[in-house]
1. Once a ≥ b ≥ c are taken as the square roots of the eigenvalues of the Cα gyration tensor of the stretch 156-247, is the result rounded (a/c under 1.5), prolate (a/b larger than b/c) or oblate (a/b not larger than b/c)?
2. Rounded to the nearest 0.05, what FRET efficiency is calculated for ALA70 and SER104 with R0 set to 35 Å and r the Cβ-Cβ distance?
3. What pairs in LYS114/LYS251; LYS67/LYS251; LYS114/LYS196 have C-alpha atoms more than 26 Å from each other?
4. So what are the ³J(HN,Hα) numbers for the stretch 136-153, from phi and the Karplus equation (6.51, -1.76, 1.60; θ = phi - 60°), rounded to whole Hz, Gly and Pro as x?
5. Using a Förster distance of 22 angstrom, determine the FRET efficiency expected from the C-beta separation of THR17 and ASN164, and round it to 0.05.
6. Once you sort the root eigenvalues of the Cα gyration tensor of the stretch 1-146 as a ≥ b ≥ c, which label holds: rounded (a/c under 1.5), prolate (a/b larger than b/c) or oblate (the other case)?
7. With 10 angstrom as the radius, rank LEU11, LEU21 by how many other C-beta atoms surround their C-beta, starting from the fewest.
8. Per residue of the stretch 177-184, in order, report the coupling 6.51 cos²θ - 1.76 cosθ + 1.60 (Karplus, θ = phi - 60°) as ³J(HN,Hα) in whole Hz, putting x for Gly and Pro.
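Laboratory data are not the source of any read-out in this text; all were calculated from the coordinates shown. Being a predicted model, the structure only gives us computed values, none of them experimental. With ideal geometry, Cβ positions are generated from the backbone for all residues, glycine too; neighbour counts draw on all protein chains shown.
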Amino acid sequence: MFGMTMTGSILTMMDTTMVGLISGTYQVGLYTTALKIVKLICNLIAVLSATLLPRCSYHFKSGDMEKFNALMEQGVFVTLFLAVPAVLLVIVNANLIIFILSGSLYMDSVPCIKVLAPIIAFSSLTLLINYQLLLPQGKEKVNLIVLIIGTGIDFILNVILIPNWQAMGACFGTFAAEAVMLCINFFFLLRHLGVKRLFNSSFPIALGTAAFILALNYTPRIEFGVHWNSVIASFFGGFLYVLVICLVCRKRIGALVRRRK
């Protein structure tokens, strides 16, 4: 666990250090502004997921693999349910989010936060797989190796991209590193749960996401300004997202609610 935490910290420190050395403090400010917002949302999702789902380690250690797999399936569903709309909301409302949280001086970080937004989903799923699937099985070394691979990829891409793209180069490097780490972890999740369970968890989210995107594209525009248009479209899209998923997953959501009572 200590090695995993240290490697994750090194990944962030390496990005900011390289951006600072190559491109200067202003570019560091743009990168860290976007990254802090994304990481804050990731932490919120992690807390919400933890409150909705019990830990899987007990069922794994007791040998009750059916309950363990059922909880992992629900974990994937809950994580995607929270993370996917968060990604869309950040991308659509990036200008407003940066303006409110960081001020007009950091509006140049809007492209950065749009590139980093998918990390909300990548990181949330990676954490779920690490702490609910791999750690109960004693596979901490797998987590550490994956983090080292991600750090290596991030370093190589930073060297290539930051001189020309500055803060955006670091964002692309972080995006690629997080995507690769998720792909490696997803292999273990797929091997453990199988295609059917993963499809059952992700298909309702895909339907809700399609409804969300349609709402974003077809919500009527008003004359209150661009920011208000994005907020209204996001609210309507979020409503449709939740409605579609609740209609498709009535039994699953009911089971989650009953478990918490």
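1. Oblate shape, in that a/c is at least 1.5 and b/c is the bigger or equal ratio.
2. 0.10
3. Checking Cα-Cα distances, LYS114/LYS251; LYS114/LYS196 exceed 26 Å.
4. Each residue's phi maps through the Karplus curve to give x, 8, x, 9, 5, 5, 4, 4, 5, 5, 4, 5, 5, 4, x, 5, x, 4 Hz.
5. Working from the Cβ atoms, E equals 0.75.
6. Because a/c hits 1.5 or more and a/b fails to exceed b/c, the stretch 1-146 counts as oblate.
7. By the 10 Å Cβ count, ascending: LEU21, LEU11.
8. Using θ = phi - 60°, the values come out as 4, 5, 5, 5, 4, 5, 4, 5 Hz.
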